[in-house]
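Notes to accompany the following structure.
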Amino acid sequence: MDAEGETRFREFVETRSSALLKTAVLLSGGDRHAAEDLLQSALVKAAGRWQRIDEPEAYVRRILYRQQVSRWRLKWPRRELAVAEPPESADSKDGASAAELRIMMRGALAKLTARQRTVLVLRYFEDLPEADVARILGCSVGTVRSTTHRSLAKLRALAPELASLAGPGAGAPESPAGGFSPLEVRP
């Protein structure tokens, strides 16, 4: 890598690493250390091809997704580390703070499988349509739909308090198609 490329890479890392780390944390189920490892290995791979990359952020995000997919496709999956449970919060029907909602969401996401987490992050955090998620994960659109459905059902079962907090303006993710929060219980 020449001096100009190295400068551009350093600027990219300085400006975009926090946003990329947020995605990596969600993909890793809230494990910040695993997320930092995931991001670091993605940046190392991107640095090797930096001169040939047209859209660096899209390229690094694609590496993050594919590395996460590779982790849950391993023949002998690594054991996930147990994380502390979120602290008990007072039942407040008027809504919880954004921090409490994030803590509850992170705890619930950590209880999902890596595949379920990845699909939900791509669909609702990255706001990608099903076809794009299927292309990134190398599966069919039907698989994405069924995994999304099962993941949301499990998320609702694991953290029913999130469904009561999720509402318009409560900070819950909305469907890319708009119209409802994925945590709302539909009749």
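Out of region 9-55, which residues are among the small types (Gly, Ala, Ser), under 16 Å from the mean Cα position of the chain (by Cα) and over 20 Å from Leu137 (Cβ atoms)? Hits for region 9-55 are Ser17, Ser18, Ala19, Gly30.
When you look at Ala114, is it closer than 23 Å to Leu20 by Cβ, modelled with pLDDT under 85 and among the small types (Gly, Ala, Ser), yes or no? No.
With respect to Ala172, is the statement that it is outside any helix (DSSP H, G or I), modelled with pLDDT under 65 and open to solvent by less than 30 Å² (accessible area, probe 1.4 Å) true? Yes, satisfied.
Restricting region 1-13 to residues that are part of a helix (DSSP H, G or I) and open to solvent by 90 Å² or more (accessible area, probe 1.4 Å), the residue that is modelled with the lowest pLDDT is Glu4.
For region 130-165, the tally of residues that are in contact with a Pro (Cβ under 6 Å, 6 or more places away or on another chain) and either charged (D, E, K, R) or not in a helix (DSSP H, G or I) (or both) stands at 0.
Selection of region 117-129 for residues being part of a helix (DSSP H, G or I) and either on the phi > 0 side of the Ramachandran plot or in contact with a Leu (Cβ under 8 Å, 6 or more places away or on another chain) (or both) yields Arg117, Thr118, Val119, Leu120, Val121, Leu122, Phe125.
Answer yes or no as to whether Glu36 is of a type in the set (Asp, Glu), within 22 Å of Arg117 (Cα to Cα) and touching a residue at least 24 places away in the same chain (Cβ under 8 Å).
On the way: of a type in the set (Asp, Glu): yes; within 22 Å of Arg117 (Cα to Cα): yes; touching a residue at least 24 places away in the same chain (Cβ under 8 Å): no.
The answer is no for Glu36.
In this structure, Arg16 does not qualify as modelled with pLDDT under 90 and open to solvent by 30 Å² or more (accessible area, probe 1.4 Å).
Name every residue in region 19-51 that is closer than 20 Å to Ile103 by Cβ, open to solvent by less than 60 Å² (accessible area, probe 1.4 Å) and either in a helix (DSSP H, G or I) or among the small types (Gly, Ala, Ser) (or both), in order of residue number. Spell out the reasoning first.
Residues of region 19-51 that are closer than 20 Å to Ile103 by Cβ, as a first pass: 21-36.
Subsequent filtering for residues that are open to solvent by less than 60 Å² (accessible area, probe 1.4 Å) retains 21, 23-31, 34-35.
Scanning region 19-51 gives Leu21, Thr23, Ala24, Val25, Leu26, Leu27, Ser28, Gly29, Gly30, Ala34, Ala35.
The values are calculated or read from the model by the stated rules, or taken from the named source; none is laboratory data. Everything quoted here is computed from the prediction, not taken from an experiment. Note that each Cβ is placed from the backbone with ideal geometry, even for glycine, and that neighbours are counted across all protein chains shown. Side chains are part of the model used for accessible areas, which takes the heavy atoms of the whole protein and leaves out ligands, DNA and RNA. Shrake-Rupley method; radii C 1.70, N 1.55, O 1.52, S 1.80 Å.
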